[in-house]
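The values are calculated or read from the model by the stated rules, or taken from the named source; none is laboratory data. The structure presented is a predicted model; accordingly, all values stated were derived computationally and were not measured. Glycine gets a Cβ as well: all are built from the backbone with ideal geometry, and neighbour counts include every protein chain shown.
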Amino acid sequence: MEYRCVKCGFRIKTLFVQYSPGNIRLMKCENCRAVADEYIECEIMILLIDLILHKPQAYRHLLYNVLNSETVNLEGILWKSTVGFLLLDAYRSLLLSRSNEGQSSSMSFSLLAWIFQKMLKDVVLGNVMFLGVFLHASRILLNTSAGASSFKDFLLAVLISSYFKIFLVAMMVWNFPSSVIYIIDLFVLSSNTVALKVITESAMNRILGVCLVAHAVKFFVVQGLELRYLRY
């Protein structure tokens with residue numbers, strides 16, 4: 001089992017030594033000589049704040065030292081993350097549909113069926129193109145000899161780093177303008193960029209280019225579907 005130093009990304013065999021329950025000593029990285037992972041002794045709120053601040057150290061801790069294939073069921077987390085991602089994306093599409101159609105309280109069954117059909121197509125087609133671009137780019141950004149597990153890690157990094165979508169839930173309680181949805185999309189894009197930078201260790205301009213293309217493809221696919229619906 002190998003972990004990573006959150007400071008420099010150097011591989012390390014163990015993060016701490018436990019002498020007795022509650023008595024541990026954090027290991028230092030052989031490369032940078034800093035504590036390999038100080039998040040072990042931090043509250044979960046500290047980690048969440050650092051994730052929101054887009055600190056690479058927090059992403060290394062989460063993606064390498066927490067979501068480790070030998071300590072957790074990665075496939076189970078991958079499926080749960082996919083379901084959560086799609087549900088939040090479906091809610092995003094519903095919010096945009098309600099914003100475009102107006103806040104009418106009396107909606108006919110035919111209108112509800114139309115919104116549901118549109119939402120389903122937006123979520124399915126938009127995300128197939130979105131994730132397809134990311135997975136195709138992984139063949140270039142990742143080492144091709146790394147094996148199929150690396151692509152699972154890559155996909156999991158994309159899904160986990162899209163956690164900003166959960167802020168859409170706040171729109172169930174408070175009435176925000178639809179522009180907030182696009183602001184959340186920008187935070188998701190920037191979070192995806194940091195996570196893929198940590199996973200692939202590629203140049204930032206290549207990572208940013210891939211993220212921009214993936215999000216742009218999804219946006220234009222959804223907008224294309226929107227225009228098609230408006231014609232009918």
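Which residues, taken from the stretch 29-60, are touching a strand residue (DSSP E or B) at 6+ places or on another chain (Cβ under 6 Å) and basic (Lys, Arg)?
Across the stretch 29-60, the qualifying residue is only ARG60.
Kindly list the number of the only condition in (1) exposed (fewer than 15 other Cβ atoms within 10 Å of the Cβ); (2) within 14 Å of the chain's Cα centre (by Cα); (3) β-branched (Val, Ile, Thr) that fails for THR82.
(1)
Look at SER162 and say whether it is surrounded by 20 or more Cβ atoms within 10 Å (Cβ to Cβ), small (Gly, Ala, Ser) and under 21 Å from GLU75 (Cβ atoms).
Here the answer is yes, as SER162 does meet what is asked.
Would you be able to say whether some residue in the stretch 196-215 is more than 18 Å from ARG139 (Cα to Cα), of a type in the set (A, V, I, L, M), surrounded by fewer than 20 Cβ atoms within 10 Å (Cβ to Cβ) and free of Cβ contacts under 8 Å to residues at least 40 places away in the same chain?
no
In the stretch 9-28, how many residues are farther than 12 Å from TYR64 by Cβ and in a loop (DSSP other than H, G, I, E, B)?
Total meeting the criteria: 5.
Just to confirm my filter: which helices (runs of 4 or more DSSP H) fall fully inside the stretch 29-144 and include at least 2 residues that are at pLDDT 90 or above?
Output list reads 44-52, 56-60, 74-101.
If you scan the stretch 48-70, which residues turn out to be free of Cβ contacts under 8 Å to residues at least 40 places away in the same chain and either among the polar types (S, T, N, Q) or surrounded by 18 or more Cβ atoms within 10 Å (Cβ to Cβ) (or both)?
Result: ASP50, single match.
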